[in-house]
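Here's the structure we're looking at; comments come further down.
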Amino acid sequence: MTTLTVVIVLVGLAVLIGVYISWRAGRLDRLHIRLETAQAALDAALLRRAAVCLELAGSRILDPATSLVLAAAAHEARTAGPDEREHAESDLSKTLRAMVDQERFREKLAEHPMGAALLTELDTAVAKVVYSRRFYNDAVSITRTAQRRWLARTLRLAGHTDYPGFFEIDDAPPESLSAE
């Protein structure tokens, strides 16, 4: 092999390695964008669920004690800081299950003109929270896997970003809502 051939092979190999590294960095960047989008969708779903709960609590359909407990849980979920948010959202889920699974809950709502619409809206909001959280946690898992690869760690392709954290809450829907 001549010197020129060796130089061409080395330059070609360097270009291929550069292209591969660039592709991996681009993939990691796209995963971070996907993660941010999933987090925004999760935040929107959680806020929507809390808003529907506040609307239901203020509708005067429920008894005063149930309305007060639901409003307090929804308010706590909306105003919780990052460290308390998972706990507050889990509390709202538990409150919703206790409220919706009460005896004659559906009948009470059916008697009110806005009841059916509120129940449908609540069902949709609860389902969106479940799906948004799953989508977000899937994005976290994929991003963490990509950040742990040796090339990403060695060349610091993720920069100084921390590993994203999972969002673990009790988001099981009430039985009467999930049955539909």
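The values are calculated or read from the model by the stated rules, or taken from the named source; none is laboratory data. These numbers come from a predicted model, not from an experiment. Glycine gets a Cβ as well: all are built from the backbone with ideal geometry, and neighbour counts include every protein chain shown. Just the protein is used for accessible areas: all its heavy atoms, side chains included, with ligands, DNA and RNA removed. Shrake-Rupley method; radii C 1.70, N 1.55, O 1.52, S 1.80 Å.
I'd like to check something: does the stretch 28-39 contain any residue that is surrounded by 12 or more Cβ atoms within 10 Å (Cβ to Cβ), at pLDDT below 95, in contact with a Leu (Cβ under 7 Å, 6 or more places away or on another chain) and of a type outside the set (D, E, K, R)?
yes
Could you tell me whether any residue of the stretch 23-46 is in a helix (DSSP H, G or I), in contact with a Pro (Cβ under 6 Å, 6 or more places away or on another chain) and not aromatic (Phe, Trp, Tyr)?
yes
Of the numbered conditions (1) part of a helix (DSSP H, G or I); (2) under 23 Å from the mean Cα position of the chain (by Cα), ASP83 fails exactly one; give the number of that condition.
With (1) part of a helix (DSSP H, G or I); (2) under 23 Å from the mean Cα position of the chain (by Cα) applied to ASP83, the lone miss is (1).
If you take the residues in the stretch 105-115 that are hydrophobic (A, V, I, L, M, F, W, C) and either in contact with a strand residue (DSSP E or B) (Cβ under 9 Å, 6 or more places away or on another chain) or open to solvent by 70 Å² or more (accessible area, probe 1.4 Å) (or both), which one is modelled with the lowest pLDDT?
Checked the stretch 105-115; the qualifying residue modelled with the lowest pLDDT is ALA110.
ASP162: assigned to a helix (DSSP H, G or I), closer than 22 Å to ARG34 by Cα and open to solvent by 60 Å² or more (accessible area, probe 1.4 Å), yes or no?
Judged against the criteria, ASP162 is not a match.
Specify which of the listed residues (ARG78, ARG60, ARG97) is open to solvent by 30 Å² or more (accessible area, probe 1.4 Å) and in a loop (DSSP other than H, G, I, E, B).
None of the other options fit; the residue is ARG60.
When the residues of the stretch 124-159 are filtered to those that are part of a helix (DSSP H, G or I) and among the charged types (D, E, K, R), which remaining residue is farthest from LEU35 (Cα to Cα)?
ARG153
Restricting the search to the stretch 122-159, which residues are open to solvent by 30 Å² or more (accessible area, probe 1.4 Å), within 30 Å of ARG97 (Cα to Cα) and not aromatic (Phe, Trp, Tyr)?
Passing the criteria: ASP123, THR124, ALA127, LYS128, ARG133, ARG134, ASP138, SER141.
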